[in-house]
Structure formats: C-alpha cells, structure tokens
Amino acid sequence: MALFPSDLEDWSRALDVLAAGHDACWKDNDHSPEIRIQPYNEEHETPTVSVEDLGSSCVSVFIPMRLAEGWIDEQRGLLELVRQEWPTEVLQSSPGVYEWRH
C-alpha cells in the first residue's frame, strides 16, 4: 500500500468525521484496501475496523477493538509526526503525479 500526501489529508478528514461520531472510510480507491472505521458498533458495543482488499487479494477482515479514551487525538499526533518526517524532496507536479526534487 502506497501513501501519498493526499492520503494524509484524507486521513485527517476521516479523523474529523470519527471525532464527530460518524463512520469513516479511508483509502477508498481501486488501488488500495478500503479501511472502514465505526466509532461505535452496536452489535459488538465497541469501535470496529474493517479492511477489504477486493481489488487485489479479495481478503476481508473485521476487527472489534477496545480503544483508549483520546485515541483520535493520539492519531492526530501521529499524523503530525508523519507529516514532519515526509520527505521534502517529493513534489506533486500534477494531480496523482509525484517526482523527486532535484
């Protein structure tokens, strides 16, 4: 699974959606597994994550999770660390096209 700067922005928006108490989907495209997160699943009475890789391996997993209070803020902090470490040599020359800075 490859990550692009736009994926980081999508994850940031997904965290905002989750913080508002709504279900979120991340990496919903034809090239990556789809990751769906429910902040509360009634059947399991806990947050859940499902991952479906229908485009490549056809594998699907469903994971009920116990998450500590403040996990969304922790994810935001980790996202910021990724942004700080992202190689500054990588430029987006046009939508979906990336190249190394000379």
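Some values worked out for this structure:
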| item | result |
| --- | --- |
| Area accessible to solvent at residue 83, 1.4 Å probe radius, in Å² | 80 |
| Region 1-93 shape via C-alpha gyration tensor axes, a/c threshold 1.5 | oblate |
| With all protein chains modelled, accessible area of residue 90 [1.4 Å, Å²] | 40 |
| Accessible solvent surface per residue of the chain, calculated while the other protein chains remain in place, 1.4 angstrom probe, Å² | 72 |
| Accessible surface of residue 71 - all protein chains present, 1.4 Å probe, nearest 10 Å² | 50 |
| Full-stretch length increase - residue 60, residue 25 - with 0.36 nm per residue and alpha-carbon distance subtracted | 11.1 nm |
| Length-normalised contact order of the chain in % [C-alpha pairs under 8 Å, at least 6 apart] | 16 |
| Zone residues, region 69-97, relative to residue 2, backbone N less than 12 Å from point 7 Å out along Cα-to-Cβ | 96-97 |
| Check: the chain dipole with +1 on Lys, Arg Cβ and -1 on Asp, Glu Cβ, in debye | 220 |
| Positive-pole candidate from 39, 91, 11, dipole of the chain, charges at beta carbon | 91 |
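The values are calculated or read from the model by the stated rules, or taken from the named source; none is laboratory data. On a predicted model such as this, the values are computed, not experimentally measured, just so you know. We place every Cβ from the backbone using ideal geometry, glycine too, and count neighbours over all the protein chains shown. Remember, those area values only see protein heavy atoms, side chains included, never the ligands or the DNA or RNA. Shrake-Rupley method; radii C 1.70, N 1.55, O 1.52, S 1.80 Å.
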